[in-house]
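Data first, discussion second: the structure below is written as structure tokens.
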Amino acid sequence: MKKILVANRGEIALRVMKTARKMGIKTVAVYSEADRQSPHVQFADEAVCIGPPPSNQSYLVIDKLIEAAKQLGVDGIHPGYGFLSENSAFAKAVTSNGIRFIGPSPKSIEIMGSKLAAKDAVKDYDIPMVPGIDNAVTDVNKAINIAKEIGFPILIKASAGGGGKGMRIVEKESDLAEQMERAISEATSAFGDGSVFIEKYITSPRHIEIQIIADQHGNVVYLFERECSIQRRHQKVVEEAPSVVLTPEVRKAMGEAAVKVAQSCDYEGAGTVEFLIDKELNFYFLEMNTRLQVEHPVTELITGIDLVEQQINVARGEKLPFTQDDVKINGHAVELRVYAEDPLNNFLPSVGTLTTYQRPSGENIRLDDGYNEGMEIPIYYDPMIAKLITYGATRNEAINTMQKAIEQYKIEGLQTTLPFGRFVFQHDAFLSGDFNTHFVKDYFNPELLKADQKEEQEIAAQFALKLLLDHQKQLKVPQVNSSKWRDNR
Ligand code: MV4
């Protein structure tokens, strides 16, 4: 592979190109009219404009991407995350034009893109699953019987679902018919597929996912876990690796289960197997994400493995250069997603220009971002500005470095989730490791940030007053001296 096109924008496009360049591979950026000045465009060896700002006229248009790739003679396409990264038609189009898709096969993408197809694929692999059914239900009476067998509360899920869409918790039998109807209609309008199924609702789980990497020669290695429980409305905000709750035995069992999930669909490339884990450390397979994930850097920091480099190697047909026995966890990493969102105002997108943008830097600090000072955050795309990742020999060290990095990071012109990150990384529940997917709902309240800001403002006011008084004292000193001097004269 001599030249790759990155079919994405922002921090992930830049991050992929950095590894490509390190490997001596030429890079091609694509960009919409909103992204002309973007760092990923400036960094690339070549760049092609693919259309107007809305993603359905640019980053999501398969034909435009293929055309750009052919025009510039690229031999590989990396899809990043989001956009077309889990679109099997895109993977097919890339391959049928004689270009390598740096990701799994269309077949793997298709199977894992459907929760029911995924359950079916893994059923002979002895993977722990949430109690429930593995086919779609449409009949309410059947659903009631299933729910009674499983025991309330139950969860209705859309097979094509993602990000919690089409998901309904049902506490009691009398609510089931109405909730099922809603789930089906939500799934139909959101995904064009109204298939829903039923699972036992795990009430306070942690969300733990396993990174895997597979080559074309049948080798699959797990690269341990990421703890992703700190999320709001199914949007992760803080991630870490490793998880504080896993014992070596559970870690190994989850890793081996993840490898089997990958094997069940002949997976190739980097992928993530999601699990829920309860208080007793029982774990249950949820779904597999067939892409490089936003939070992959925490895994890179604790394993020393560049996941993009491995994706490219695997796409070239090379064997994985390590075995399961070679990979070890070394230290701890935490990540904060910095969004252009206002944590004081229900995390609504905060539009504006980065009038001040000063990056934190130093040992054990990694910042993956895609904007510079003076740039506007476009309204057309995901509002993530950056990922702030810190590393330490211990969890405490990683968190201390994160706290310092947050204070160093200066963003003005719009609201960001930095103050929310400050809140998480000093919260007792987070520090002790005793939290689950309800962390934000259980502990976060915008008033706490307001109090924080007020305290900060008070400290700033006191400091300003002290400066003023010191200054006045300094002004007095020469006056005293000069009068003395005058007197002595
Ligand atoms: C669950 C669950 C509890 N029980 N399934 C949310 C999105 C999708 N990936 C799966 N999700 C869940 N499935 C059962 N049987 C709770 C969630 C869930 C969740 C999962 C991971 C991270 C955050 C979450 C927040 C709310 C609910």
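What follows draws every value from the coordinates through simple rules; no lab data is involved. Just so it is clear, the model here is predicted, and its values are computed rather than measured. Here the Cβ positions follow ideal geometry from the backbone for every residue, glycine too, while neighbour counts run over all protein chains shown.
Within 10 Å of each candidate Cβ there may be at most 16 other Cβ atoms; applying that plus a DSSP loop requirement, which trypsin sites (Lys or Arg not before Pro) in the range 243-295 survive?
Sparse-neighbourhood loop trypsin sites (Lys or Arg not before Pro): 279.
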Where does helix 248-264 land angle-wise versus the long Cα axis of the chain, in degrees 0 to 90, nearest 10? 50 degrees
Provide the per-residue ³J(HN,Hα) series for the range 118-134, in order, calculated from phi with Karplus coefficients 6.51, -1.76, 1.60 and θ = phi - 60°, each as a whole number of Hz, with x at glycine and proline positions. 5, 4, 5, 5, 8, 5, 9, 10, 6, 9, x, 10, 5, x, x, 10, 10
Determine the shape class of the range 131-200: with a ≥ b ≥ c the square roots of the Cα gyration tensor eigenvalues, call it rounded for a/c under 1.5, and otherwise prolate if a/b is greater than b/c, oblate otherwise. prolate
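Given the convex hull of the Cα atoms of the chain, what is a quarter of its surface area in nm²?
Its Cα hull, projected and averaged over all orientations, spans 28.2 nm².
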Using helices alone, what [θ] at 222 nm do you get for the chain, with -39,500 (n - 2.57) per DSSP H run of 4 or more residues, divided over all residues and rounded to the nearest 500? -12000 deg cm²/dmol
Cβ-placed point charges (K, R +1; D, E -1), dipole of the range 3-102 about Cα centre in debye, nearest 20: 320 debye
Cα-based equivalent ellipsoid of the range 3-102: semi-axis lengths in Å, sorted from largest, via gyration tensor: 17, 16, 12
Could you work out how far the C-alpha centroid of the range 29-46 sits from that of the range 355-411, in angstrom? 21 Å
The distance between the Cα centres of the range 199-270 and the range 299-329, in whole Å, is 16 Å
Taking amide hydrogens as modeled 1.01 Å from N in the peptide plane, which residues meet the under 5 Å criterion relative to residue 26, leaving out close sequence neighbours? 3, 4
Give me the base-10 log of I(q)/I(0) for the range 61-156 at each q in 0.15, 0.17 Å⁻¹, Debye formula, one uniform scatterer per Cα, rounded to two decimals. -0.72, -0.80
Distance cut-off 18 Å, Cα to Cα: go down the list 119/157; 157/200; 123/279; 92/236; 172/279 and report the pairs above it. 123/279; 92/236; 172/279
Lys/Arg +1, Asp/Glu -1 at C-beta; the chain dipole; positive extreme among 244, 431, 32: 32
